[in-house]
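The values are calculated or read from the model by the stated rules, or taken from the named source; none is laboratory data. Computed from a prediction, not measured in an experiment: that's the story for all the values here. For neighbour counting, all protein chains shown are included, and Cβ atoms are generated from backbone atoms with ideal geometry for every residue, glycine included.
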Amino acid sequence: MPADRCCDRLWTVMVLVMQTDAPLWDSLVLDGIDSVDVETVTAAFGTVEVVAKGRAASSACPDCGSSSARVHDRYQRRLKDPPLAEQGLVIRLTVRRFICGAVDGPRRTFAEPFSRLAAPHARFTRRLRRAPSGGT
Ligand SMILES: [Zn+2]
């Protein structure tokens, strides 16, 4: 019956909504990946959205290597992840832009890297690119 399938799907979404405690999603979505903290998780219309941000207090400049904890601004990256329990999975990552401390450095600001989670400027996580259903 189509109605049963509909209820199954609704049930799955409800379960996902109930399981929105951050530590669970931290291990489920970001296990062993960089220093990323899950802030909130929402589920709607077949898509689970995980809001996350970097945990590190400072980051190293890719040009001069000096560490900076001075945040210039923040922006959001939206990363598609492989589906989980038939739900689409999207990571909304808050990326901090740090001010480089080096006076004579060529670069004044640099974005916090999440190299193990996704390639720079990518719209997909590395996992999704590796997923067999996605082809080669
Ligand atoms: Zn620098």
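None of L89, L79, L117 is away from the ligand (no atom under 16 Å from the Cβ), in contact (Cβ under 8 Å) with a residue 12 or more places away in the chain, of a type in the set (A, V, I, L, M) and in a loop (DSSP other than H, G, I, E, B) except L117.
Among the residues of the stretch 68-89, those identified as crowded, with 16+ Cβ neighbours inside 10 Å and within 13 Å of the chain's Cα centre (by Cα) are R77, L79, K80, D81, P82, L89. Checked against the criterion of being within 23 Å of V29 (Cβ to Cβ), surrounded by 13 or more Cβ atoms within 10 Å (Cβ to Cβ), among the small types (G, A, S) and within 14 Å of the chain's Cα centre (by Cα), the candidates A118, A111 yield just one match: A118.
Scanning the stretch 90-117 for residues that are at pLDDT 90 or above and either aromatic (F, W, Y) or closer than 23 Å to V41 by Cβ (or both) gives V90, I91, R92, L93, T94, V95, R96, F98, F110, E112. Just to be sure I understand, how many residues within the stretch 39-63 are under 15 Å from R107 (Cβ atoms), of a type in the set (A, V, I, L, M, F, W, C) and surrounded by fewer than 17 Cβ atoms within 10 Å (Cβ to Cβ)? Going through the stretch 39-63 one residue at a time, the tally reaches 1.
Scanning the stretch 31-71 for residues being more than 16 Å from L117 (Cβ to Cβ), touching a Phe, Trp or Tyr at 6+ places or on another chain (Cβ under 6 Å) and either more than 16 Å from the ligand (Cβ to nearest atom) or modelled with pLDDT under 85 (or both) gives a total of 1.
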